[in-house]
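These notes concern the structure reproduced below.
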Amino acid sequence: MAQGNFSRVTEFILLGLSDTRELQVVFFTLFLLAYAMVLLGNLLIIVTVRTDPKLSSPMYFLLCNLSFIDICCTSVTAPRMLVDLLSQRKAMVFEACIAQLFFLHFVGSSEMFLLTVMAYDRYTAICKPLHYTAIMSRWACWLLVSSCWAGGFLHSIVQTLLTIQLPFCGPNTIDNYFCDVPPVIRLACTDIYVTEWLMASNSGLISLGCFLLLVTSYGLILVTIRGRLTEGHWKALSTCTSHVMVVTLFFVPCIFTYLRPFSAFPFDKYVCVIYTILSPVMNPLIYTLRNNEVKESMWRLCKSCRV
């Protein structure tokens, strides 16, 4: 909190992606369409997996949880961004800004952990098929997913506590369309060197660590199936390819954003669009268009709804 003669900032002004009215209208249309695709696509995956007994394997259980996290992650930023694109003054009170920061890191880091678990699931299914049922039991899946949420909560609590203990006495302008750790702590009226590196070590190392684990697991899968690509292995390889597309799209911008000192670049806010909007849009497309079982289940679900 601010001390002495400093007055505490009560709200932040978000500059958004552009101050040009025409571009704001274009962005509003594109992001409204993207948000609708995230909601409809991921809800369709959740309903399909939950209603089709054939999709009861751990992979689809984890996919269902990923769809739920994608909806949560996008809903933290997209609705407010859409409202601000139509508003003249894009102000957010201090408490709302901190809440958005907390929930963004909560669901965002939970998704990182879940993607890592999904890679472990694929590694176990391909490299240890005889032990897969025992390793990835229903109880183990619930434990892994619960651990993802618990890890995300712990990470977010640390980030939030490090942020709210800083004094904010002005300026209060954030060059972004949502409240995140890097642009917010740059506004603190104190030396943030130690806090900056603590946060970069927290978020950045989590992003990098999960990404390296993912790359390692997929590397082991490639080594395992090298030279004996049966039809089943081709199917597994196709599934892993879609996972790689998702994690690359999600992790690389996160690593760029958080694994460095929080110096500002003009294109930072556009990089944020990739992991807050584009990645959740791509997930349902990748997992449905490249998975025949999900597509067939969706087709049966649609036909049953018509009857």
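Of (1) modelled with pLDDT of 90 or more; (2) over 16 Å from the mean Cα position of the chain (by Cα); (3) over 20 Å from Val247 (Cα atoms), Ser87 satisfies all except one. Which?
(1)
In region 247-282, which residues are modelled with pLDDT under 80 and surrounded by 17 or more Cβ atoms within 10 Å (Cβ to Cβ)?
Phe262, the sole residue that qualifies.
Can you run down the residue pairs with Cβ atoms below 6 Å, 6 or more apart or on separate chains, where the first is in region 12-37 and in contact (Cβ under 8 Å) with a residue 40 or more places away in the chain and open to solvent by less than 80 Å² (accessible area, probe 1.4 Å) and the partner is aromatic (Phe, Trp, Tyr) and in a helix (DSSP H, G or I)?
Leu17/Phe27
With the structure loaded, tell me whether Asn65 is out of contact with any His (no Cβ under 8 Å at 6 or more places or on another chain), open to solvent by less than 20 Å² (accessible area, probe 1.4 Å) and part of a helix (DSSP H, G or I) or whether it fails that test.
no
Go through region 74-98 and give me each residue that's over 22 Å from Phe168 (Cα atoms) and either surrounded by fewer than 21 Cβ atoms within 10 Å (Cβ to Cβ) or aliphatic (A, V, I, L, M) (or both).
Listed by number, the residues that qualify are Ser75, Val76, Ala78, Pro79, Arg80, Met81, Leu82, Val83, Leu85, Leu86, Ser87, Gln88.
Taking only region 165-174 into account, find how many residues are open to solvent by less than 60 Å² (accessible area, probe 1.4 Å) and either part of a helix (DSSP H, G or I) or of a type in the set (S, T, N, Q) (or both).
Total meeting the criteria: 1.
So which of Leu30, Leu39 is modelled with pLDDT of 90 or more and either within 17 Å of Cys272 (Cβ to Cβ) or assigned to a strand (DSSP E or B) (or both)?
Exactly one residue qualifies, and that residue is Leu30.
Sort out which residues of region 68-93 are of a type outside the set (A, V, I, L, M), out of contact with any helix residue (DSSP H, G or I) (no Cβ under 6 Å at 6 or more places or on another chain) and outside any helix (DSSP H, G or I), and write them in order of number.
Ser87, Gln88, Arg89
Restricting region 186-201 to residues that are out of contact with any Phe, Trp or Tyr (no Cβ under 8 Å at 6 or more places or on another chain) and assigned to a helix (DSSP H, G or I), which is least open to solvent (accessible area, probe 1.4 Å)?
Thr195
Condition test on Leu44, is it open to solvent by less than 30 Å² (accessible area, probe 1.4 Å), within 22 Å of the chain's Cα centre (by Cα), touching a residue at least 60 places away in the same chain (Cβ under 8 Å) and within 28 Å of Asn291 (Cα to Cα)?
The answer is no for Leu44.
Before we move on, is Ser110 more than 19 Å from Pro182 (Cβ to Cβ), assigned to a helix (DSSP H, G or I), without any contact (Cβ under 8 Å) to a residue 60 or more places away in the chain and open to solvent by 60 Å² or more (accessible area, probe 1.4 Å)?
Here the answer is no, as Ser110 does not meet what is asked.
Go through (1) modelled with pLDDT of 90 or more; (2) open to solvent by less than 30 Å² (accessible area, probe 1.4 Å); (3) assigned to a helix (DSSP H, G or I) for Tyr60 and report which single condition fails.
(1)
From the list Tyr132, Tyr123, Tyr177, pick out the single residue that is in a loop (DSSP other than H, G, I, E, B), out of contact with any Pro (no Cβ under 6 Å at 6 or more places or on another chain) and either of a type in the set (Asp, Glu) or surrounded by 14 or more Cβ atoms within 10 Å (Cβ to Cβ) (or both).
None of the other options fit; the residue is Tyr177.
The values are calculated or read from the model by the stated rules, or taken from the named source; none is laboratory data. Keep in mind that this is a model prediction, so the values were computed, not measured. Neighbour counts are summed over all protein chains in view; Cβ atoms, including those assigned to glycine, are modelled from backbone coordinates with ideal geometry. The protein model used for the area step is the full one, side chains on, heavy atoms only, and it has no ligands, DNA or RNA in it. Shrake-Rupley method; radii C 1.70, N 1.55, O 1.52, S 1.80 Å.
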